[in-house]
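Below is one structure, written out as structure tokens, with a few remarks after it.
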Amino acid sequence: MSVAAAALGCAALMAWLTRRPAWQPLFNRLPPPLWCYLLPAVLTSIGWLPEDPAAAREVIAWLLPFALALLLLGADLHAVTRTGWKALAVAAAGAAGVAGGAVLAAVAVKPWLPVDGWKGAGALAGTWTGGSMNLTALQAVLDVPDAVFAPLLLVDALIAYSWMAVLLAIAPHQHRVDAWLRAAPSAEHGHAQARTRRNAPGRVLVALASAAALAVMARWIAARCPLVPAVPSPTAWTVLIVTTSALALSAWRPIRKLGSAAAPLGSFALLVVLAAIGAQARLSALRATPVWLAFGVIVLAAHAAALLIAGRSLRVPSAVLATASQANIGGVISAPMVAAAWQRSLVPMGLALATAGNAIGTYVGWAAAWAARALLGG
């Protein structure tokens, strides 16, 4: 079985199982991206999938920019501006807490980190600003080694879902938290409007063609860009060019409609990329998980502290803080769920803030990685 076929089959299996209610309890604890990474790693380790790093890298190099284009062309950044300035301020504080916490954690656990630990710091900062899309993008941009990337996926799942459980548990006591925050009424905060669109097949096909064209163009430009320490490979240039170009194009409403129509296909393509990355992995890398778990706890503590300081200073209701926090740590899927548990009217806000995190997560993680490298002396 080829790497490409195995990656596609694994992603298809996960997409099929996530639609089956019986499997939801499992995926609520260990999400599909983690399984898409682990299953090919297991198949390679036991010899059922041949070791072919070159083929895996080729799949990643072509499919990752295509997936990013599909996901980011539909980013509705206009909706983000309608969430209200205080919501944006606390979301920014949460992202800053994640980035600063990642740098702080890298210094705190420096004796136990591998040589490339600074790359893991950036990757975790990116995924807890926006989501799995940013983690996958940063794996390519920073060339995160398997010894670092494998435990990060597990730590991301464990801490993100544990944090979600904490936020859901606090929701019934939000009035007490609001009293401590000296919160102003929720009505002061604007809410993005939820929109539903019917996706015609023709629109999806045009979106696929547009994303493919953008990915090919980005690869062509990247091959002609100079390699520098901050951007050390053509793949890194490709990811940055696609991310920036897709976000710029999403400001045009017709393009944004096309992108939103094909976003589910972008998520599927991202699962295929993760499976291809997993095909290069070794399960022995998971032995480093305890160190990265401690790392993640420090990052989460810094994130929570930043949010509480910003919330109390701006008198922001705890429901908005919880929504902004899950938009960072959990992403576009879980942020609306947490928002609904705290205050149903905040669901569109959760989606909008998570979209903003997706948009900036790769840049935040990239900056955090180089800040960590500077302090670690790597």
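Between Phe268 and Ala184, the contour length at 0.36 nm per residue exceeds the alpha carbon distance by 26.1 nm. Share of pairwise Cα-Cα distances greater than 18 Å in region 1-131 is 72 percent (whole percent).
Set the Förster radius R0 to 22 Å, insert the Cβ-Cβ distance between Ala54 and Leu13 as r into 1/(1 + (r/R0)^6), and round the FRET efficiency to 0.05. Walk me through the intermediate numbers first.
Details: r = 25 Å, r/R0 = 1.12.
Using R0 = 22 Å, I get an efficiency of 0.35.
Is the C-alpha gyration tensor of region 238-378 telling us rounded, prolate or oblate? Criteria: a/c under 1.5 is rounded; beyond that, a/b larger than b/c is prolate, otherwise oblate. Taking the square roots of the gyration eigenvalues as a ≥ b ≥ c, region 238-378 is oblate.
When shorter helices are ignored and each DSSP H run of at least 4 residues is given -39500 (n - 2.57), the per-residue value for the chain at 222 nm works out to -24500 deg cm²/dmol.
For the listed peptides 335-342, 127-134, 241-248, a ranking on the average number of other beta carbons within 10 Å per residue, highest first, reads 127-134, 335-342, 241-248. Anisotropy class assigned to region 244-308 is oblate, per the alpha carbon gyration tensor with a/c at or over the 1.5 cut-off and a/b no larger than b/c. Of all complete DSSP H helices in the chain, those with a Cα span along the helix axis of 30 Å or greater and a mean Kyte-Doolittle hydropathy of 1.0 or more are 85-108, 146-170, 201-222, 253-278, 289-314, 347-376. Debye-formula intensities of region 3-376, expressed as log10 I(q)/I(0) at q = 0.09, 0.15 Å⁻¹, are -0.48, -1.39 (one equal scatterer per alpha-carbon, no solvent).
Label region 88-152 by shape, choosing from rounded, prolate and oblate, from the square roots a ≥ b ≥ c of the eigenvalues of the Cα gyration tensor; if a/c is under 1.5 it is rounded, and otherwise prolate applies when a/b is larger than b/c, oblate when it is not.
Numbers: a/c = 2.87, a/b = 1.32, b/c = 2.18.
Judged from the Cα gyration tensor, region 88-152 comes out oblate (a/c at least 1.5, b/c at or above a/b).
Here region 109-268 is treated as an ellipsoid with the same Cα gyration tensor; its semi-axes, largest first and in whole Å, are 32, 28, 14. Available extension along the chain between Ala230 and Ala301 is 22.7 nm, counting 0.36 nm per residue and deducting the alpha carbon span.
Read-outs: derived from the displayed coordinates by stated rules, not from any lab. All figures in this text were calculated on a predicted structure; none of them were measured in a lab. Note that we place each Cβ from the backbone using ideal geometry, even for glycine, and neighbour counts take in every protein chain shown.
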